[in-house]
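Written out below as structure tokens is the structure these notes cover.
Rule-based calculations on the coordinates, nothing more; no lab input. All values derive from a computational prediction rather than experimental measurement. Backbone-built Cβ (ideal geometry, glycine too); neighbour counts: all protein chains shown.
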Amino acid sequence: MLELKRRYILTIVAVLGLIVLAATFLSSGKARASHSDDPPTRTVAVALVTRAPLKSGLRLSGEFRPYQEVDLHAKVAGYIRHIYVDVGDKVKEGQTLAVLEIPELNAQVAGAQADIGRSRDAIRRAENDVQRAESTHAAAHSAYSRLKQASAARPGLIAEQELDDSFARDKESEAQVGSAQAALAEAKSQLSVAEANQQHYAALEAYAQITAPFSGVITKRYADTGALIQAGTSSNTQAMPVVRLAQWSRLRLVLPVPESAVPGLRLGEDVAVRVPSLNRTFQGKVARFADALSDETRTMHTEIDVGNSDGTLVDGMYAETDLQLKQPQNSLTVPIQAVQRNGDSGRVLVVANGAVEERTVKLGAEGNERIEILSGVSEGDSVIVGNLSEFQPGEKVQPKVIGDRAKSGEGV
């Protein structure tokens, strides 16, 4: 009897256990089904909005050009009598490069010199005439004065006709003095004209010597001995230069700086210029820029001066440099990959309370890795970095801050 009762109790316990197991299994199945309907929460890489100095560098390439380069023309037309230089010759400022033969100009110089001599002779003659006229006038005036005094002392002693004739001679001699003085002034004017002509022809004769306006290197020779050279000042567009001279002691590295980098250019900044063909680096300085953008390329002509006293660098040689642009020192910044740009504004995705928020931001200066944010986010906000198109506003995400550089500002 007891054995039967014990079996009955065990059977009831087993049945109840099976019921509990079945209920547990069904409950867990429904839970799993319910969770499988919800999308999993994604982990996204975010960076913190921080304040840090922006450092921006720009690598540009360009070609060296001579600091000065000019084609030397003759001031007057003539034949080359001697040419003393050739391609590659180094010359000093003021050095004679070529001498022209100009026979007609030599004759004009001699004629002008002769005119000066003739004018000086005319001046001497005019001076003698003035002295003679003054002496004659002095004698005539003295004679008239004595006759007039005698006539006044004893009326009727001197005939009126004689007194009138003496007065006429006095006035005539006075007029001759004025005429002689005018002739002297004219002779002096003729001398000034002759001297001006002589100086003009002498200056032209000096142009027969073609000299170097600055120290440099002859890069091209256009003419040889005996060649006829036209005057460079004539309207003839076919006037041929004699030589081309380039200053190579200092060179210009010409760079096209893009529009976005123009505000950061600093005049006088020292830069390192690398020349790959020489495997060397030279020191240069930002010397000048155009202050105007090219309509075609939207770049600004910028020049770096580089010393070349030893002549290592040559015209046309390729070089590159890293320009450090002037940027703000304490800016609110985010990684460049966190921004979708649209001109001066942009779009960022901020993770707040586990959800994605889209915000429009105003952009400022741009550095190598980070960009300045003028408005739209606050310091400490978490912004999604990269693949912004994969996220939608309101989406639940799990943020994960990437790297410590965003916190410390290193590598900005």
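For helix 2-37, report the angle its Cα long axis makes with the longest principal axis of the Cα atoms of the chain; keep it between 0 and 90° and round to the nearest 10°.
20 degrees
Report the one residue of Thr43, Phe214, Val91 whose Cα lies farthest in the direction of the positive end of the charge dipole of the chain (charges on C-beta: Lys and Arg +1, Asp and Glu -1; origin at the Cα centre).
Highest projection toward the positive end goes to Thr43.
When the Karplus curve 6.51 cos²θ - 1.76 cosθ + 1.60 is applied with θ = phi - 60°, which whole-Hz ³J(HN,Hα) does each residue of region 298-304 get, with x for Gly and Pro?
Values per residue, Gly and Pro as x: 6, 10, 10, 5, 10, 10, 10 Hz.
Hey, got the dipole for region 271-348? About the Cα centre, +1 on K and R Cβ, -1 on D and E Cβ, debye to the nearest 20?
Value, rounded to 20: 400 debye.
For region 104-206, take the convex hull of the Cα atoms, compute a quarter of its surface area, and give me that in nm², please.
It is 7.2 nm².
Under a point-charge model restricted to the Cβ atoms of Lys and Arg (+1) and Asp and Glu (-1), what is the dipole moment magnitude of region 182-340 relative to its Cα centre, in debye to the nearest 20? Kindly include the intermediate steps, with their values, before the conclusion.
On the way: 13 positive and 16 negative charges, 53 e Å.
Using only the charged Cβ atoms, the result is roughly 260 debye.
Around Lys285, which amide H atoms from residues at least 5 apart in sequence, or from another chain, sit under 5 Å from its own amide H, with H modelled in the peptide plane?
Here Val271, Asp305 satisfy the definition.
Which is farthest toward the positive dipole end of the chain among Leu267, Leu184, Gly380, measuring Cα position about the Cα centre, with Cβ charges +1 (Lys, Arg) and -1 (Asp, Glu)?
Gly380
Can you tell me the 0 to 90 degree angle between the C-alpha axis of helix 160-206 and the longest principal axis of the chain, rounded to 10?
Long axis of 160-206 versus the principal axis of the chain: about 40 degrees.
Please give the peptides 41-47, 223-229, 301-307 ranked by average Cβ packing (other Cβ atoms within 10 Å per residue), highest first, as a rough proxy for protection. Numbers along the way, then the final one.
Numbers: 41-47: 16.9, 223-229: 13.6, 301-307: 19.6.
Output ranking for 41-47, 223-229, 301-307: 301-307, 41-47, 223-229.
Could you pull the Rg and Dmax for region 159-286, using just the Cα atoms, both in Å?
34.4, 115
Could you pull out every residue, at least 5 positions away or on a different chain, whose amide H is within less than 5 Å of the one on Gln68? Hs are placed 1.01 Å off N in the peptide plane, and Pro or chain starts have none.
Residues meeting the amide H criterion: Gln247.
If you place +1 on the Cβ of every Lys and Arg, -1 on the Cβ of every Asp and Glu, and leave all else neutral, what size is the dipole of the chain about its Cα centre, to the nearest 20 Debye? Before the final figure, lay out each step's value.
Details: 46 positive and 51 negative charges, 528 e Å.
It works out to roughly 2540 debye.
Can you tell me the 0 to 90 degree angle between the C-alpha axis of helix 103-153 and the longest principal axis of the chain, rounded to 10?
50 degrees
Please express the shape of region 276-348 as an equivalent ellipsoid: the semi-axes are the square roots of 5 times the eigenvalues of the C-alpha gyration tensor, given largest first in whole angstrom.
Values: eigenvalues 236, 57, 35 Å².
Equivalent ellipsoid semi-axes, largest first: 34, 17, 13 Å.
Using only helices, what value at 222 nm comes out for the chain when you add -39,500 (n - 2.57) per DSSP H run of length 4 or more and divide by the total residues, to the nearest 500 deg cm²/dmol? Don't skip to the end; give the middle numbers.
Numbers: 4 runs with 138 residues, N = 412.
Only helices count here, giving -12000 deg cm²/dmol.
Could you tell me the extents of the chain's C-alpha atoms along the three principal axes, largest first, rounded to whole Å?
210, 65, 34
Tell me the net charge near Ile102. Cut-off is 14 Å between Cβ atoms, Ile102 excluded, with +1 for each Lys or Arg and -1 for each Asp or Glu. Spell out each step's value before the answer.
On the way: positive: Lys75, Arg81; negative: Glu101, Glu104, Glu205.
Here the charged neighbours net out to -1.
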